[in-house]
Amino acid sequence: MEQSKTNIKINASKDATIHYKGDVAKLYNKNRTSSLKWKREQKIMEKIISNFSPKSIILDIPVGTGRLIPFYDSRSHKIYGIDISSDMLAETSKATKGTNTDIDLIEGNIEKIPLRDNSVDYVVCMRLFNLIPISTLVIGLKEFCRVSRDRIFIQVRVIEDIGLIKLIAKMLLDSRTHINSLTHQIIILLKKTLNIIKGQSNKGKNEIARENYYLHRKEDIYDVLRDEGFDIVRTIEIDKGMDFRKRLYKPFLIIECKKN
């Protein structure tokens, strides 16, 4: 029997709501699933979620198109899926149609999460912290601390000034990341070229370039996590991004934190 999938609208931001609409929402997965970085994210999160206690209560924010829902289903978790875009939530609703997923879909954002204090066991936050300034990030972490009982898992690309020699060493240790990135860009270019040949629009296929993108320093992220009541348990590198011109290391991280 299909479980309840409610939709609630709470405190949505106008800009993000407008951005993640129409083709952007519909093509969100299609434009990313060819990326090996995406596949590595999925593999890591599947392993993390498999270690959650059975029948846990989980806040997934932003839930997006529901990319992690198959992993939640395997252990009968209760999910609160919050996203700022009604169109993204519609994609999640399609993904859960005909399943036994116990999920409430809520339109809202991290600045005012419509859940009671200590109401969820885990908070999962993927691909959000680079789309908001540090001031909003801090507000969101306060909310995560308020609603969570145990752990949070956040994903964020950070910058570190490690010097040229260490930067070269990082590249040599993980040349696959840079080959993968180049391969992904070539695939996207070929798809766009094919669409042009077919007379189709590329609208929505390059939306990331038009988003505000904030690169936070790693030490700043760690500091605000500790300031807002979390102990850092572990950090997993998804890729080893780099900016040789500025001599910056730009790893994409998943950070596990425990509420202290």
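The values are calculated or read from the model by the stated rules, or taken from the named source; none is laboratory data. Keep in mind the model is a prediction, meaning the values are calculated, not measured. Here Cβ is always computed from backbone atoms with ideal geometry, including for glycine, and neighbour counts include all displayed protein chains.
A few comments on the model shown:
- Some residue of the range 140-150 being surrounded by 15 or more Cβ atoms within 10 Å (Cβ to Cβ), farther than 14 Å from G229 by Cβ and of a type outside the set (K, R): no
- Verdict on Q200 being closer than 30 Å to D60 by Cα, surrounded by fewer than 15 Cβ atoms within 10 Å (Cβ to Cβ) and modelled with pLDDT under 95: no
- Identity of the residue in the range 219-245, surrounded by 15 or more Cβ atoms within 10 Å (Cβ to Cβ) and hydrophobic (A, V, I, L, M, F, W, C), that ends up nearest to the chain's Cα centre (by Cα): I238
- Residues in the range 64-81 that are within 13 Å of L105 (Cβ to Cβ), part of a loop (DSSP other than H, G, I, E, B) and not β-branched (V, I, T): G64, G66.
- Every residue from the range 217-258 that is at pLDDT 95 or above and of a type in the set (F, W, Y): Y222, F230
- Neighbours by Cβ (under 6 Å, 6+ apart or cross-chain): first from the range 118-134, closer than 15 Å to M45 by Cβ; second aliphatic (A, V, I, L, M): Y122/I58; V123/L59; V123/I152; C125/I61; C125/I154
- Each residue in the range 84-111 was checked for being in contact (Cβ under 8 Å) with a residue 60 or more places away in the chain and either under 14 Å from the mean Cα position of the chain (by Cα) or under 25 Å from V138 (Cβ atoms) (or both), and 8 of them qualify.
- Restricted to the range 21-63, and to residues there that are of a type in the set (D, E, K, R) and either modelled with pLDDT under 80 or surrounded by 21 or more Cβ atoms within 10 Å (Cβ to Cβ) (or both), the residue that is nearest to D104 (Cα to Cα) is D60.
- Among the residues of the range 203-216, the ones that are surrounded by 11 or more Cβ atoms within 10 Å (Cβ to Cβ) and modelled with pLDDT under 75 come to 7 in all.
- Flag if I57 is touching a helix residue (DSSP H, G or I) at 6+ places or on another chain (Cβ under 8 Å) and touching a residue at least 24 places away in the same chain (Cβ under 8 Å): no
- The selection criterion, being modelled with pLDDT of 95 or more, more than 18 Å from the chain's Cα centre (by Cα) and farther than 22 Å from K39 by Cβ, holds for V147.
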